[in-house]
1. Do we have VAL51 as open to solvent by 50 Å² or more (accessible area, probe 1.4 Å) and assigned to a helix (DSSP H, G or I) here?
2. Just one of (1) surrounded by fewer than 18 Cβ atoms within 10 Å (Cβ to Cβ); (2) touching a residue at least 40 places away in the same chain (Cβ under 8 Å) trips up SER31, so point out which.
3. Assuming PHE136 fulfils every condition listed in (1) assigned to a helix (DSSP H, G or I); (2) at pLDDT below 85 apart from one, which condition is it?
4. Against the condition at pLDDT below 80 and surrounded by 12 or more Cβ atoms within 10 Å (Cβ to Cβ), how does GLY85 come out, does it pass?
5. Take the conditions of a type in the set (Ser, Thr, Tyr), under 15 Å from the mean Cα position of the chain (by Cα), modelled with pLDDT of 85 or more and part of a helix (DSSP H, G or I) and apply them to TYR69. Does it pass?
Amino acid sequence: MIVASAGNVLVWIVWVVAAFACMGSAVAVVSFSNPFYSALALIGNLGSLAVLYLLLSAEFVAAAQVLVYAGAVMVMFLFVIAYLGGRADAPWAGGPSWQAAAAVTAAGALFAEIIVVIASQADGRLSHTAEIKRSFGSPGEIGRLFLTDHLLAFEITSVVLLVAAVGGVILGSHARGETDARS
């Protein structure tokens, strides 16, 4: 019989709650019809991910998750949603399209891939403790990885966020122009 310490039980409880909060808020992001509520659910998702990072002893990544994504990026998303107003609230007005079917198919394929990868790795190695370097999750290690191994992905993400912001402003200006023309 394995006797778990109170600390281990608490860590498992926090992990389970954060994992379910992460999955629940992810489902809420894609199921809410109001984009404002979807953005709020995304903030909850990013917060629960930060808790999971804390459980992995990656304090810097958790802080960056909250400050950069749940803070700055979500403020930008909420600004764009508020700027567009109610005109972008009904993307499913015509019923499911070929894009919705393709999205469900891609999600199913991704889910199947995740199951295959987990099944292929679950040969007992997952139950053993991994060796983690002392520098894991430190600002220096993350900066080194961003600026060496993952520089291209980091820059592409920056450009995609910039394009999203510019696109939101352009969509908002066209929508405002249509409203002014009707008045």
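1. Working: open to solvent by 50 Å² or more (accessible area, probe 1.4 Å): yes; assigned to a helix (DSSP H, G or I): yes.
Against the criterion (open to solvent by 50 Å² or more (accessible area, probe 1.4 Å) and assigned to a helix (DSSP H, G or I)), VAL51 qualifies.
2. (2) is the only condition that SER31 fails.
3. (1)
4. On the way: at pLDDT below 80: yes; surrounded by 12 or more Cβ atoms within 10 Å (Cβ to Cβ): yes.
When the stated conditions are applied, GLY85 passes them.
5. Numbers: of a type in the set (Ser, Thr, Tyr): yes; under 15 Å from the mean Cα position of the chain (by Cα): yes; modelled with pLDDT of 85 or more: no; part of a helix (DSSP H, G or I): yes.
Answer is no for this residue.
Condition check ((1) farther than 23 Å from CYS22 by Cβ; (2) modelled with pLDDT of 85 or more) across all residues:
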site: PRO96; (1), (2): yes, no
site: ALA103; (1), (2): no, no
site: VAL116; (1), (2): no, no
site: GLY124; (1), (2): yes, no
site: ASP149; (1), (2): yes, yes
site: VAL159; (1), (2): yes, yes
site: ALA164; (1), (2): no, no
site: GLY177; (1), (2): yes, no
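The values are calculated or read from the model by the stated rules, or taken from the named source; none is laboratory data. Just so it is clear, the structure is predicted and the values come from calculations on it, not from any experiment. Ideal geometry is used to build each Cβ from the backbone, glycine not excepted, and the neighbour counts take in all protein chains shown. Heavy atoms of the whole protein, side chains included, go into the accessibility calculation; ligands, DNA and RNA do not. Shrake-Rupley method; radii C 1.70, N 1.55, O 1.52, S 1.80 Å.
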